[in-house]
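Read-outs throughout are calculated quantities, based only on the coordinates presented, and are distinct from any laboratory measurement. Bear in mind the structure is a predicted one, so any value in this text is a computation, not a measurement. Reconstructed Cβ throughout: ideal geometry from the backbone, glycine too, with neighbour counts over all protein chains shown.
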Amino acid sequence: MSSVVLATAGYDHTIRFWEATSGCCYRTLQYAESQVNKLEITADKTKIAAAGHPQVRVFDVNSNDPNPVFNYDGHVGNVTAVGFHKDGKWMYTGGEDGTVKVWDTRAPGCQRTYESRAAVNSVVLHPNQGELISGDQTGHIRVWDLTASACSCELVPEIGTAVRSLTVALDGTMIVAANNNGTCYVWRMMRGATLTTHFEPLHKLKAHTTHILKCLISPDCQQLATTSADKTVKLWNLDGFTLDRTLVGHTRWVWDCVFSVDAAYLVTASSDATARLWDLSSGEAIRTYSGHHKAVVCCALNDSAIEGRDADG
């Protein structure tokens, strides 16, 4: 079993697995039905989910079988978000059809559907494993309490401006929402006596002058990465929200990013048909993953110890 699983996908209908250090592609999966919008690797590194249009396919990481081991159909249109419970017992998805869905990975069919009433662009799982948080095209952020099976909270930081990406700190203390105007809204998260998360506005960060496509808090909760249509990636210090570094090198939109578990490296995916590995201490791209023929819009990395937390928050 590989200690580091790194995969990329996008508009050329393939999922590619890479040797992170050498940059060699050692496996290519065909995803014939559509482009791939999002990738997620399970914490135990055995499965990878690929969200497409309108289906989700789950493949074995450690086999040469080109066929998916599980197929999930139920969305209409693009599936824009996918993730797993920390123990892999269930999977969650979000889509352009305005729904957030929960799937039991041990049984067929969709177990729960939550209606967001607008195209869902991002869904994240709170580290408590009990709440899903979604952001949609009309600017609404909703918290879905999985125990009550209902929406427990709603935030609208900027009416009518699409929430493009959400990220929650692994210690559960902070959430960031990035929008199409290049702004990040930051809230401190607190648990009340009711065990429902409460949100306290903390900061408004003008990170880019155009669309932010992905925001991600580092595993050590020290930095925020933002990727943008301006072709750059920015690293922000979460203690003061100052700019630490700008990563320059991609020649088109940067769609996705993922930190290594020690927060020393970042992998990015771009419309320039490459993914890159950045050394965050120097700000240099130390590896370019070339092989895709069209835009690379998603990447996934799991380099954590199996017993530990997964790498991509």
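Some observations on this one:
- The residues neighbouring A148, those whose beta-carbon lies less than 12 Å from its own, together hold a net charge of -1 under the Lys/Arg +1, Asp/Glu -1 convention.
- Here the label points at T161 and D244, each 7 Å from Cα along the C-beta direction, are separated by 2.5 nm in the simple model.
- On the beta carbon distance between K89 and M190, with R0 = 22 Å, the FRET formula returns roughly 0.25.
- Residue-count net charge about V79 - beta-carbon cut-off 15 Å; Lys, Arg +1, Asp, Glu -1: -4
- Label zone of N62 (point 7 Å out along Cα→Cβ, amide N under 13 Å): in region 1-35 this covers 1-5.
- The label point for F70 and the one for L170, both projected 7 Å from the Cα toward the Cβ, are 2.3 nm apart.
- Taking 0.36 nm per residue of separation and subtracting the current Cα-Cα distance, fully stretching the chain between T21 and K204 would add 62.2 nm.
- Between the residues T99, G130, L166, the greatest Cα displacement towards the positive end of the dipole of region 41-168, with unit charges on the Cβ of Lys, Arg, Asp and Glu, is found for G130.
- Dipole magnitude of the chain about its Cα centre (Cβ charges: Lys, Arg +1; Asp, Glu -1), debye to nearest 20: 360
- Estimated inter-spin distance, Q111 and A264, nm [label 7 Å along Cα→Cβ]: 3.8
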